Structure formats: structure tokens, C-alpha cells
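Report on the following structure.
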Amino acid sequence: MSTTNLKKSLTFIVDLAHKVGDYLYRSANKKKHIYHKSEIDLVTQFDKKSQDLIVTALTKEFPYSGILSEEDISRNLDASVKWIVDPLDGTTNFAHGLPIWAISIALELDGKIALGIVYDPTRREMFSAIKDAGAFLNKKKIKASKIKRLGQSLLVTGFPYDIRKAKNNNLNHFGNFAVRAQAVRRLGSAALDLCYTACGRFDGYWELKLSPWDQAAGSLILKEAGGRITDFKGKNFNIYGDEVLGTNGLIHRQMMKVLKISDCRLRI
């Protein structure tokens, strides 16, 4: 796909995300019908409505493209052009009235993310990126932070849905970073975590057991903002993998060192 076509596609999904996101924002205080996919993983009727609106628009505009979306939508996944959609990232926050949630849409071309947006309707913040063309927040270019020391860094993370049962639940890493960083936060939206790292609000982010739609758009935005993104061992990042470590690049190795610690220790 040419640069011109990517720009046209970006304009289309930015407009689409604004329309759907603003609908969700207007609906945020309405009664929510909550369905549980697991003990702590839930979905509302607004997740499904958002997905319907996005998928219908993408199918009409790009009829031959594949679509992978969170709420059980998968179409033509072998296509070289594929949209990856999270219609409402941060559903638990949304369901409880906590205004930290977003829409995430990414375009995968031949296995690589070429374009992505993350829209936060509450703050009217649109993060966007095209591969090799920089990252933007409301059309203004953004860059990752310049913090060089882990001890001066503000970090963010999240916890997997099997936290109550699985041994590998990130609590050990949370404890290890809590006593080494300036502070650690947990917002509840992986897409925003990556974007906030991209624009310098956070200096580093790590998480495990995410799905492709959680991180496809945000990972590109972080890379295009000059950040670095890998797995915990520094290997190439894969949106279909189990680990993500995203940083400003300057504290990346320091965070990798802490992630090597298997148990929770107060000091290195």
C-alpha cells in the first residue's frame, strides 16, 4: 500500500474512531449490561455496539481486507491486509465509570503493523502513527521521554485475566519495580499505556499475556515516537506473543535486568 493510500486510510479511521468514540462517551453514564467472559474479564453491550459500528464501516470501505477484533470477530485472517480492532480497551474501567478507556485500530500489512490509532474520547486525545512517518497526538508530533535512570522513572503495567489462578501473574515484577522505580501505575488500558509511554507521560511499560488488539496500534505509536519495544529478553516484539516491554529506550536494559528476577526481592 502506497504512502498516499496509508494517509487516506489513516484519515478514514481517525474519522471513524471519533464518531464511534464520541458515541461511547455519550453512552458512558447509561445503564450497562455486563456479561462475564471469565471471573474478571467482562464485556458490555457498548463493546459490542462499538465493534459493530467499526467492523461495518471497515467492511464497507475495505471489502477485501481481513479483520481481527476482540469480541469474537475474525474474517479473512489470511489476507495480506488486515485490520486489528479493540472496540473498547479498558472495559472494566468503562463499566465502573472510570474514564480511562480507548478505541484502538491498527492496519497489518504482510505481517507488519503499518498504521495505528488510539482514541481516548474522554480527553479527546487521538494518538496516531504511520510506519516510518512519526507519531502524533492530535496532529502534534510526540517523542518518548529522556529519563535515563530507572530510579527516576514512572512506570506502568497491567495484570492478566488469570491473575487469581496462574503463577505467572506479574505480581513479582510489580513488586520488584515498585522498590526500584520512582513509582509504578496501573491504568487498565494497554493501548493507553503504550501511547502514554510514547508521549513521555510514562518512561517504561511492561505486561504479559496480552492479545494482538491490545497492543497492535500502541506498539507502532511507541516505536514511531522513538521508543523501544521488545519482549522481556530483548528479542523482537510480536503482537501475537506473550510479553511486551516498551520504554523510552534509555531505561530498556535496566528494566530487562529487573524482569530477569524470578521472585520478588527488595533490592538487586
**Request:** Scan (1) surrounded by 20 or more Cβ atoms within 10 Å (Cβ to Cβ); (2) outside any loop (DSSP other than H, G, I, E, B); (3) not assigned by TED's automatic domain parsing to the domain that holds N93 for the single condition E108 breaks and write down its number.
**Result:** (3)
**Message:** Can you find a residue that is aromatic (F, W, Y) and closer than 21 Å to K223 by Cβ anywhere in segment 56-77?
**Reply:** no
**Asked** Looking at segment 142-172, which of the residues that are among the hydroxyl-bearing types (S, T, Y) and touching a helix residue (DSSP H, G or I) at 6+ places or on another chain (Cβ under 9 Å) is nearest to A225 (Cα to Cα)?
**Response** S145
**Item:** Selection status of A178, out of contact with any Gly (no Cβ under 6 Å at 6 or more places or on another chain) and among the small types (G, A, S)
**Value:** yes
**Complete:** Taking segment 127-160 and the residues there that are crowded, with 17+ Cβ neighbours inside 10 Å and more than 19 Å from the chain's Cα centre (by Cα), the one that is farthest from T4 (Cα to Cα) would be L150
**Complete:** The residue from N5, N93 that alone is assigned to a helix (DSSP H, G or I), within 25 Å of A166 (Cβ to Cβ), of a type in the set (S, T, N, Q) and modelled with pLDDT of 85 or more is N93
**Request:** Consider R185 carefully, then state whether it is farther than 30 Å from V20 by Cα and touching a residue at least 24 places away in the same chain (Cβ under 8 Å).
**Result:** no
**Message:** So, in segment 126-160, how many residues would count as being assigned to a loop (DSSP other than H, G, I, E, B) and at negative phi?
**Reply:** 14
**Request:** Could you figure out which of (1) of a type outside the set (A, V, I, L, M); (2) in contact with a Cys (Cβ under 9 Å, 6 or more places away or on another chain); (3) free of Cβ contacts under 8 Å to residues at least 60 places away in the same chain isn't true of D242?
**Result:** (2)
**Message:** As an exercise: evaluate I100 against (1) of a type outside the set (G, A, S); (2) modelled with pLDDT of 95 or more; (3) surrounded by fewer than 16 Cβ atoms within 10 Å (Cβ to Cβ); (4) over 30 Å from M1 (Cα atoms) and give the number of the one condition it does not meet.
**Reply:** (3)
**Asked** If you check F46 against the conditions, is it under 16 Å from M1 (Cβ atoms) and either of a type in the set (V, I, T) or not assigned by TED's automatic domain parsing to the domain that holds S189 (or both)?
**Response** no
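The values are calculated or read from the model by the stated rules, or taken from the named source; none is laboratory data. The shown structure was predicted, so the numbers you read here are calculated from the model rather than taken from an experiment. Positions of Cβ are backbone-derived with ideal geometry, glycine not excepted, and every protein chain shown enters the neighbour counts.
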